[in-house]
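The structure appears right after this line, and notes come after that.
The values are calculated or read from the model by the stated rules, or taken from the named source; none is laboratory data. From a predicted model like this one, the values you see are computed outputs, not experimental measurements. Cβ: placed from backbone, ideal geometry, glycine included. Neighbour counts: every protein chain shown. SASA here: full protein model, heavy atoms, side chains in, ligands and nucleic acids out. Shrake-Rupley method; radii C 1.70, N 1.55, O 1.52, S 1.80 Å.
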Amino acid sequence: MEDPQEAWLPITESRNGNVATAVFHLLSSGIGIQALLLPVAFATLGWVWGAISLSVAFTWQLYTIWILVQLHEPIPGIRTRYSRYLQLAIAAFGPKLGKLLAIFPVMYLSGSTCIMLIIKGAGVMELLFKLMCEGGATCDAKSLTGAEWFLVFTCMAIALAQRPNLNSIAGFSLVGAISAIGYCALIWALPISKDRPSGVSYDSRKGGSSVAGMFDVLNAIGIIMLAFRGHNLVLEIQGTLPSSLTNPSKRTMWRGVSVSYTIVAMCQFPLAIAGFWAYGNKFHGRDTSRFVKGLVYLLVVINCLSSFQIYAMPVFDNLEFRYISMKNRRCPWWVRSGFRLFFGGMAFFIAVALPFLPSLAPLVGGITLPLTLAYPCFMWILIKKPHQKGHDAVWCLNLGLGCLGIVLSVLLVVAAARNLAIKGLHASFFKPQ
């Protein structure tokens, strides 16, 4: 039976969601500014291998989402719902190993994503301000400092974060989804609406030596793999849906996944292909009107603010879980608001202290990659036990994909570490630009 305290926590407090709200949440959490780097990956891999790698990555991560959707309620008729990734990991791997494998990736993909949204969102807010006041000495004199822009963005994000539960931020997720689709569409549509610049080359940008070329390929694959995000929120989103024996939540959730990831593909594949077609292996500025630039900046800021809400929700849920465990009662509104202010303050402090955190994203993203590509496959084997039911092919598929995901994670971490060692990490503590 389900723990009655689930009805007191932000993620599972309301289970009145539907296909539409699931689509909104999945799009808001699944499309991000990291997808804008896809043409860079194509510049290294080329047309054929770039398209193959992007297709394989999309199919692989969609399959692991399907696994998570199925494992949310692994045994029909028994009211056990794993509405958090950590709960499912503990159920599959056991309390000790489950926490060891899942706590860091889940917390990083929630808390650290919010911190990077502050850094990126505040930076784009500053660009929008300078564009609106047309630059120059007067504009620079009126502009805020980097830390002040961080503070403005954080205050806006936390003001919006006062909604009580995940279901109640569906409107924010809708706005975030529309803004993400909007800036992706603008960025890939604008280059193909104009004549392609002369001298565009599609030759690979891999390094001269075989070793350097291999690591460049790995970094490009890492860009593609990390373009897909949101697996740490799939179970949480499904936890907002009603479920019954006649209509289990996995049916509703999979309809939402099918719709949302069709839209994700329509955003990311044209973005990668059109960007590489327009710029080749050398990226440069093109004449774009101030209005279009301003619109793109505005859409990115709106998307960052909206994505902050859904990525912060697991953190809020965890804080309230600690309170409920100690007090054995529902969290009062003022304590709930206090937790949100506390998290906002901590995220702002870390963003100011470590403004170079996005530079570490490929390295830490490689460490957390098994959460997306490997752990769901292993959890399917451990919970469903397909080999005991004569489904040897399914067992081999999941074991192979899981092991391949772990190996790929190790290779991407090594490639990202080598890249940092060569280019250096410009660590400017407490000096946000």
Restricting attention to the range 385-433, the residues that are outside any helix (DSSP H, G or I) and either among the hydroxyl-bearing types (Ser, Thr, Tyr) or touching a Cys at 6+ places or on another chain (Cβ under 6 Å) (or both) number exactly 1
Being in contact with a Cys (Cβ under 9 Å, 6 or more places away or on another chain) and not basic (Lys, Arg): is that true of Tyr297 here? no
Do we find that Leu382 is part of a helix (DSSP H, G or I) and under 16 Å from Met225 (Cα atoms) in this structure? no
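Listed here are the residues, each with its yes/no results for (1) in a helix (DSSP H, G or I); (2) among the aliphatic types (A, V, I, L, M); (3) surrounded by fewer than 18 Cβ atoms within 10 Å (Cβ to Cβ).
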residue	(1), (2), (3)
Glu6	yes, no, yes
Pro10	no, no, no
Thr21	yes, no, no
Ser29	yes, no, no
Leu36	yes, yes, no
Ala41	yes, yes, no
Leu45	yes, yes, no
Ala51	yes, yes, yes
Ala57	yes, yes, no
Per-region count, the range 82-100, residues of a type outside the set (Gly, Ala, Ser) and buried (at least 22 other Cβ atoms within 10 Å of the Cβ): 4
Residue that is modelled with the highest pLDDT, among those in the range 359-369 that are open to solvent by 10 Å² or more (accessible area, probe 1.4 Å) and of a type outside the set (A, V, I, L, M): Pro362
Being open to solvent by less than 80 Å² (accessible area, probe 1.4 Å), within 28 Å of Ile119 (Cβ to Cβ) and assigned to a loop (DSSP other than H, G, I, E, B) is the requirement here; does Pro355 meet it? yes
The condition of being touching a His at 6+ places or on another chain (Cβ under 7 Å) and assigned to a helix (DSSP H, G or I) holds, among Ile65, Ile90, only for Ile65
From the list Arg251, Arg255, pick out the single residue that is more than 30 Å from Gly345 (Cβ to Cβ), among the basic types (Lys, Arg) and touching a residue at least 12 places away in the same chain (Cβ under 8 Å). Arg255
Result of the Cβ filter at 8 Å on the range 345-362, keeping first residues that are under 17 Å from Ala161 (Cβ atoms) and partners that are open to solvent by 50 Å² or more (accessible area, probe 1.4 Å), at least 6 apart or interchain, is Phe348/Leu151
Quickly run through the range 330-349 and pick out the residues that are among the aromatic types (Phe, Trp, Tyr), open to solvent by 30 Å² or more (accessible area, probe 1.4 Å) and touching a helix residue (DSSP H, G or I) at 6+ places or on another chain (Cβ under 7 Å). Phe339, Phe348
Residue hits (the range 370-389; under 17 Å from the mean Cα position of the chain (by Cα), surrounded by fewer than 23 Cβ atoms within 10 Å (Cβ to Cβ) and touching a residue at least 60 places away in the same chain (Cβ under 8 Å)) are Pro370
Consider only pairs whose beta carbons are under 7 Å apart and that are at least six residues apart or on different chains; among these, list those whose first residue lies in the range 311-340 and is under 17 Å from Tyr108 (Cβ atoms) and whose second residue is open to solvent by 40 Å² or more (accessible area, probe 1.4 Å) and part of a helix (DSSP H, G or I). Phe316/Phe339; Leu319/Phe339
Which members of the range 316-329 meet the condition of being open to solvent by less than 20 Å² (accessible area, probe 1.4 Å) and not acidic (Asp, Glu)? Phe316, Ile324
Please work out which residue is nearest to Gly294 (Cα to Cα), limiting yourself to the range 117-128 and to residues that are touching a Leu at 6+ places or on another chain (Cβ under 8 Å) and surrounded by fewer than 23 Cβ atoms within 10 Å (Cβ to Cβ). Leu128
Note on Ile192: of the conditions (1) within 24 Å of the chain's Cα centre (by Cα); (2) at pLDDT below 95; (3) part of a helix (DSSP H, G or I), unmet is (1)
Of all residues in the range 108-133, count the ones that are among the charged types (D, E, K, R) and at pLDDT below 90. 1
